[in-house]
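The next block holds one structure in the form of structure tokens; read it before the comments.
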């Protein structure tokens, strides 16, 4: 991950940059740890995290707002180092002229799916595409279909975006997000296929598995009649678990195949075949039309936040039957004009991670963007509002 290690420096220069407003938007200091957040403008806005380590300072993009394009982070760090006249001890922000650029046009954000305008009539989804071999092969084999590839592992998403650029493909969208949340955003009866190939088994934490009764329900809603959900796994435990999920009510049509070969094979599948491991394929076929999804949830805060309420926010997670809210570190703006609160919330098995950013008048907004429009997030939003407003 791009970063700088610099000598300790006077933060007053950062305050000047915030006041100028061209490069920096805010500086906020954590209440109980030697960490600051610096709002930065670089093809949009995100936060840099500045960690004071005594003998030096580590500067890098924070985990919540970090953009997928690492070159954006490198450019932001370079501009900051020059503008603040930082003394660099170590960095890895050199832009390599030999590395292929990522296809930024096909890097999609979750908000792009609130009212999606798909460029092709046929649409398919691959969940957790890993190296991207299957996703890229499908896109080349079916140019009349838009393939949405979702991958939570950032380097894998970056690599596929580079391959899209190198291979000149125009029918792939890449999303670096949680697949379970994205699926709830997709229109009903729209997908031709959903591919879930070799998901992490999570034998010790089965609640983290992507396949679940809820995932199946959302898949059948998003698939058109005749569309398929295809799971491939080398895990005996995952296979038996999926059989149980697919066999639960309501009754659905699915078939099971063993050691079916595909035209494209990942390096991991090739290795498993050499080891003579069995590969299971479970295919669910959607049969009925589904009602349109309802996602007209409002994630704005109507009332201003009282800054005194920030100190009173609970340190432990607040849980109800359908969702939770957990407030993390609090940051006060250095200029006294508001602050930032880290917040996790929503569904227990697919939580959101955002910041609540508020100004001197108490106006609150989610940052870097609004939550995904799900029922669990809407319920959590109401809980957050009740706690910050008193």
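Based on this model, can you work out whether residue 31 counts as without any contact (Cβ under 8 Å) to a residue 40 or more places away in the chain, surrounded by fewer than 21 Cβ atoms within 10 Å (Cβ to Cβ) and touching a strand residue (DSSP E or B) at 6+ places or on another chain (Cβ under 8 Å)?
no
Keeping to the range 272-303, report how many residues are assigned to a helix (DSSP H, G or I) and in contact (Cβ under 8 Å) with a residue 60 or more places away in the chain.
The number of residues fulfilling the criteria is 0.
When you go through (1) more than 29 Å from the chain's Cα centre (by Cα); (2) closer than 26 Å to residue 307 by Cα; (3) in a loop (DSSP other than H, G, I, E, B) one by one for residue 32, which number turns out not to apply?
Here residue 32 clears every test but (1).
Which condition does residue 131 not pass, out of (1) at pLDDT below 95; (2) touching a strand residue (DSSP E or B) at 6+ places or on another chain (Cβ under 8 Å); (3) under 20 Å from residue 231 (Cβ atoms), if it passes all the others?
Condition not satisfied by residue 131: (2).
Specify which of the listed residues (138, 167) is surrounded by 18 or more Cβ atoms within 10 Å (Cβ to Cβ) and at pLDDT 90 or above.
138
Just the residues that are over 14 Å from the mean Cα position of the chain (by Cα) and part of a loop (DSSP other than H, G, I, E, B), please, taken from the range 139-196.
142, 143, 144, 168, 169, 170, 171, 186, 187, 188, 189, 190
Among what's in the range 293-320 and is within 22 Å of residue 214 (Cα to Cα) and touching a helix residue (DSSP H, G or I) at 6+ places or on another chain (Cβ under 9 Å), pick the residue that is surrounded by the fewest Cβ atoms within 10 Å (Cβ to Cβ).
294
In the range 363-390, which residue that is in contact with a helix residue (DSSP H, G or I) (Cβ under 6 Å, 6 or more places away or on another chain) and surrounded by fewer than 18 Cβ atoms within 10 Å (Cβ to Cβ) is modelled with the lowest pLDDT?
Initially, the range 363-390 is screened for residues in contact with a helix residue (DSSP H, G or I) (Cβ under 6 Å, 6 or more places away or on another chain), giving 369, 371-372, 374, 388, 390.
Now restrict to residues that are surrounded by fewer than 18 Cβ atoms within 10 Å (Cβ to Cβ): 369, 390.
Details: 369: 91, 390: 70.
That would be 390.
Within the range 261-271, can you find the residues that are in contact (Cβ under 8 Å) with a residue 24 or more places away in the chain and surrounded by 12 or more Cβ atoms within 10 Å (Cβ to Cβ)?
262, 264, 265, 266, 268, 269
Checking the condition in contact with a strand residue (DSSP E or B) (Cβ under 9 Å, 6 or more places away or on another chain) and not assigned by TED's automatic domain parsing to the domain that holds residue 191, which residue from 311, 322 passes? Write out each step before concluding.
Numbers: 322 fails: in contact with a strand residue (DSSP E or B) (Cβ under 9 Å, 6 or more places away or on another chain).
Being in contact with a strand residue (DSSP E or B) (Cβ under 9 Å, 6 or more places away or on another chain) and not assigned by TED's automatic domain parsing to the domain that holds residue 191 holds for just one of 311, 322, which is 311.
Given the criterion surrounded by 15 or more Cβ atoms within 10 Å (Cβ to Cβ) and either in the same structural domain as residue 130 (by TED's automatic domain parsing) or at pLDDT 95 or above (or both), identify the matching residue among 203, 234. Explain how you work it out, then say what you get.
On the way: 203 fails: surrounded by 15 or more Cβ atoms within 10 Å (Cβ to Cβ).
Only one candidate passes the filter, namely 234.
Among the strands (runs of 3 or more DSSP E) confined wholly to the range 37-133, which include 1 or more residues that are farther than 17 Å from residue 4 by Cβ and either touching a helix residue (DSSP H, G or I) at 6+ places or on another chain (Cβ under 7 Å) or not assigned by TED's automatic domain parsing to the domain that holds residue 154 (or both)?
In the range 37-133, 45-52, 122-127 are the strands (runs of 3 or more DSSP E) which contain 1 or more residues that are farther than 17 Å from residue 4 by Cβ and either touching a helix residue (DSSP H, G or I) at 6+ places or on another chain (Cβ under 7 Å) or not assigned by TED's automatic domain parsing to the domain that holds residue 154 (or both).
The values are calculated or read from the model by the stated rules, or taken from the named source; none is laboratory data. Values in this document were obtained by computation on a predicted structure and should not be read as measured data. Positions of Cβ are backbone-derived with ideal geometry, glycine not excepted, and every protein chain shown enters the neighbour counts.
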